[in-house]
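The values are calculated or read from the model by the stated rules, or taken from the named source; none is laboratory data. If you're wondering where the values come from, they're calculated on a predicted model, not measured in any experiment. Virtual Cβ from ideal backbone geometry, glycine too; neighbours counted across all protein chains shown.
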Amino acid sequence: MAFQILLNIGLAFIWMLLQNEYTFLDFFIGYLVGVALLYLLRRFLHFDFYFRRVIALFKLLILFLYKLILSNIDMIKIVLSPKMNIEPGIIAIPTKLRTDWEVTLLANLISLTPGTLTMNFSENGRTLYVHSIHVPDKDAAIDEIRQSFERAIMEVTH
């Protein structure tokens with residue numbers, strides 16, 4: 001992947017030299033031309049196209065912002081309601097993520113959304129213990145985290 005990025009930047013500089021214009025716009029156009037060339041040559045060079053991971057990273061960022069907004073709205077509803085109709089609980093979330101930094105990223109994404117906090121990890125580091133301020137259905141909460149954050153992290157890293 002790093003080789004593809006360096007190759008793409010090199011193609012962008014070559015594009016700038018051929019155009020005899022040294023502006024950011026020409027570099028950006030050259031970068032887009034490089035992305036297109038790498039996409040077309042992916043079959044012949046036998047590599048996984050790196051821009052797929054960049055797009056997956058943006059999707060993860062948008063998913064996190066979406067979940068952040070939704071959880072803030074839920075927290076506002078809880079705080080402003082006259083009665084505290086909450087069911088706090090601790091959930092054990094087993095994960096399919098392989099590396100420690102993937103699990104750490106998942107734990108941080110969970111903790112950064114209001115109303116949830118990653119408390120601890122299991123001995124092998126593959127189960128997260130999460131405290132949530134409102135958990136009416138633990139299985140649904142586990143499935144929601146696995147289908148959203150865990151799936152998006154796996155798209156970026158695999």
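For this structure, a couple of remarks:
- In this structure, Ala152 does satisfy being among the aliphatic types (A, V, I, L, M) and in contact with a Lys or Arg (Cβ under 7 Å, 6 or more places away or on another chain).
- Whichever residue in segment 98-121 is hydroxyl-bearing (Ser, Thr, Tyr), free of Cβ contacts under 8 Å to residues at least 24 places away in the same chain and surrounded by fewer than 18 Cβ atoms within 10 Å (Cβ to Cβ) and, among such residues, is farthest from Ala141 (Cα to Cα): Thr104
- Leu38 being out of contact with any strand residue (DSSP E or B) (no Cβ under 9 Å at 6 or more places or on another chain), of a type in the set (A, V, I, L, M) and modelled with pLDDT under 90: yes
- Filtered residue count, segment 75-97, keeping only those that are over 14 Å from Ala141 (Cα atoms), surrounded by fewer than 18 Cβ atoms within 10 Å (Cβ to Cβ), out of contact with any Pro (no Cβ under 8 Å at 6 or more places or on another chain) and touching a residue at least 40 places away in the same chain (Cβ under 8 Å): 3
- Inclusion of Arg98 among residues that are under 12 Å from the mean Cα position of the chain (by Cα) and among the basic types (Lys, Arg) is not warranted.
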